[in-house]
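The values are calculated or read from the model by the stated rules, or taken from the named source; none is laboratory data. A quick note: this is a predicted structure, and the numbers were derived from the prediction, not measured. Here the Cβ is made from the backbone with ideal geometry for all residues, glycine too, and neighbour counts use every protein chain on show. To get the accessible areas, we keep the full protein, side chains included, count just its heavy atoms, and leave off ligands, DNA and RNA. Shrake-Rupley method; radii C 1.70, N 1.55, O 1.52, S 1.80 Å.
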Amino acid sequence: MVVTRVNILDNESVRNQFIRGVKLLKDDILHPEWPNTYDLLVIWHYIAMNTFTPASQMVRNAAHIGPVFLPWHRWMLILLERHLQRVLNDDNFGLPYWDWSKDGELSPSEQKTALLWSDAFLGGTGSPVTTGPFTEGSWKVNVAEDIDGNLIRTNRSLTRNFGAIIANLPTKAEVRTAVDRGQPNVVYDTAPWDINSISFRNELEGWVNIPPTRLHNAVHVWVGGDMLTGTSPNDPVFYLNHCNVDRIWSSWTKKYNNPEYLPGNNESSDLQGHRLNDLMASITEDDQFDPLFRGKVSPKDLLDPSTRYVYDTLEL
Ligand SMILES: [Cu+2]
């Protein structure tokens, strides 16, 4: 079934389903010896982020700072969406996105009180968050990255710190520049395949022309708190950000008529995990966790997601 992914601000029932669904996944245990399904996704993200590719250079990792950034997160979103459909008992459910560039048009103080952060949506900022559906008692952070970068068990509330490190979300102009620039951004990715690449992937991930941090990265940094670490999926807004990043990738793909994914398989084995046919970093091949790919999926399998989902609009 092809589902439609919509703007979370436009559809009250999708918004409520998303909030209900992520809470259901916090209580969902696929195997007795596993953490709940929501936390399993958090742990998977942390492990991928701490798996360096190649291991000898602590720069590019199995999900970021390299070409696989977009397909790896597309896979993660597809799995989250599948599990949400299961616990909501609704095969029509499509993950919503947050078009943060629209909020980026507001003043810094208005950005912090935008509709997304109201009680009926995701609640607001704070350490801990004290408003909305993810406050103490209704949302627990169980696994987190500590200040030394280690994954630890914890039992605390969610934290956010809007606008503390950077005052503004990315603007519409920044997004349009990334997509409309033409060359060099018609190239998906290019050597050195990391933060120094002049490419669409690197610009959308947010490493081009830093400081300041930009686009995808800037959203993590602006939200702050739990969104700053390798366990950033602890905040459900992680998925709304990445769904919009995925939408921007889709918009770019359409605009330039399916540019080729790079690197191809003839590139150096230093790029293992990032090349077109390489298997991406999975956490398990268990078919309850990953009924769609069983942990074996390559960027090439994810370049055209149109058999699974479409966006209500690709307008940026
Ligand atoms: Cu990530």
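Go through region 182-230 and count every residue that is closer than 28 Å to residue 276 by Cβ and assigned to a loop (DSSP other than H, G, I, E, B).
25
Within region 166-184, can you find the residues that are closer than 21 Å to residue 68 by Cα and more than 21 Å from the chain's Cα centre (by Cα)?
183, 184
Please go through (1) closer than 27 Å to residue 43 by Cα; (2) at pLDDT 95 or above; (3) in contact with a helix residue (DSSP H, G or I) (Cβ under 7 Å, 6 or more places away or on another chain) for residue 153 and return the number of the only condition it doesn't satisfy.
All conditions are met except number (3).
Has region 275-291 got at least one residue that is of a type in the set (Lys, Arg), within 16 Å of the chain's Cα centre (by Cα) and more than 13 Å from the ligand (Cβ to nearest atom)?
No, region 275-291 contains no residue that is of a type in the set (Lys, Arg), within 16 Å of the chain's Cα centre (by Cα) and more than 13 Å from the ligand (Cβ to nearest atom).
Please find, within region 217-227, the residue that is nearest to the ligand (Cβ to nearest atom) out of those that are open to solvent by 10 Å² or more (accessible area, probe 1.4 Å) and more than 19 Å from residue 130 (Cβ to Cβ).
Selected residue: 220.
Could you please find all residues in region 148-181 being assigned to a loop (DSSP other than H, G, I, E, B) and of a type in the set (A, V, I, L, M, F, W, C)?
158, 162, 164, 165, 166, 167, 169
Which residues, counting only those in region 302-316, are within 18 Å of the chain's Cα centre (by Cα) and touching a residue at least 60 places away in the same chain (Cβ under 8 Å)?
The answer is 302, 303, 305, 308, 309, 310, 311, 314, 316.
I'm trying to understand the selection: among the residues of region 57-66, which are more than 10 Å from the ligand (Cβ to nearest atom) and in contact with a helix residue (DSSP H, G or I) (Cβ under 6 Å, 6 or more places away or on another chain)?
62, the sole residue that qualifies.
What are the pairs, 6+ residues apart or on separate chains, where a residue within region 9-33 that is within 11 Å of residue 96 (Cβ to Cβ) has its Cβ under 7 Å from a residue that is of a type outside the set (S, T, N, Q) and assigned to a helix (DSSP H, G or I)?
If the second residue must be of a type outside the set (S, T, N, Q) and assigned to a helix (DSSP H, G or I), the pairs left are 9/115; 9/116; 17/88; 21/84; 21/87; 21/88.
Can you find, within region 231-287, the residue that is nearest to residue 193 (Cα to Cα) among those that are part of a helix (DSSP H, G or I) and open to solvent by 30 Å² or more (accessible area, probe 1.4 Å)?
Here the answer is 270.
Can you spot a residue in region 187-201 that is of a type in the set (A, V, I, L, M) and open to solvent by less than 10 Å² (accessible area, probe 1.4 Å)?
no
With respect to residue 54, determine if the residue is in contact (Cβ under 8 Å) with a residue 60 or more places away in the chain and in contact with a Phe, Trp or Tyr (Cβ under 9 Å, 6 or more places away or on another chain).
The answer is no for residue 54.
Return yes or no: is residue 296 more than 16 Å from the ligand (Cβ to nearest atom), exposed (fewer than 15 other Cβ atoms within 10 Å of the Cβ) and either touching a residue at least 24 places away in the same chain (Cβ under 8 Å) or not in a loop (DSSP other than H, G, I, E, B) (or both)?
No.
Restricting the search to region 44-95, which residues are open to solvent by 30 Å² or more (accessible area, probe 1.4 Å) and part of a strand (DSSP E or B)?
Of everything in region 44-95, just one residue is open to solvent by 30 Å² or more (accessible area, probe 1.4 Å) and part of a strand (DSSP E or B), namely 52.
Here are 292, 276, 314: which of them is modelled with pLDDT of 95 or more, within 14 Å of residue 74 (Cα to Cα) and of a type in the set (A, V, I, L, M, F, W, C)?
Result of the check over 292, 276, 314: 292.
Can you tell me how many residues within region 200-240 are touching a residue at least 40 places away in the same chain (Cβ under 8 Å) and over 16 Å from residue 45 (Cα atoms)?
Total satisfying the criteria: 15.
May I ask you to list the residues in region 228-245 that are more than 10 Å from the ligand (Cβ to nearest atom) and under 8 Å from the mean Cα position of the chain (by Cα)?
239, 240, 243
Every residue in region 125-156 that is open to solvent by less than 10 Å² (accessible area, probe 1.4 Å) and touching a strand residue (DSSP E or B) at 6+ places or on another chain (Cβ under 9 Å), please.
Scanning region 125-156 gives 129, 139, 141, 144.
Find the residue count for region 170-187, including only residues that are within 18 Å of residue 217 (Cβ to Cβ) and not basic (Lys, Arg).
Of the residues in region 170-187, 9 are within 18 Å of residue 217 (Cβ to Cβ) and not basic (Lys, Arg).
Pick from region 96-110 the residues that are part of a loop (DSSP other than H, G, I, E, B) and more than 16 Å from the ligand (Cβ to nearest atom): which of them is nearest to residue 200 (Cα to Cα)?
The qualifying residue nearest to residue 200 (Cα to Cα) is 99.
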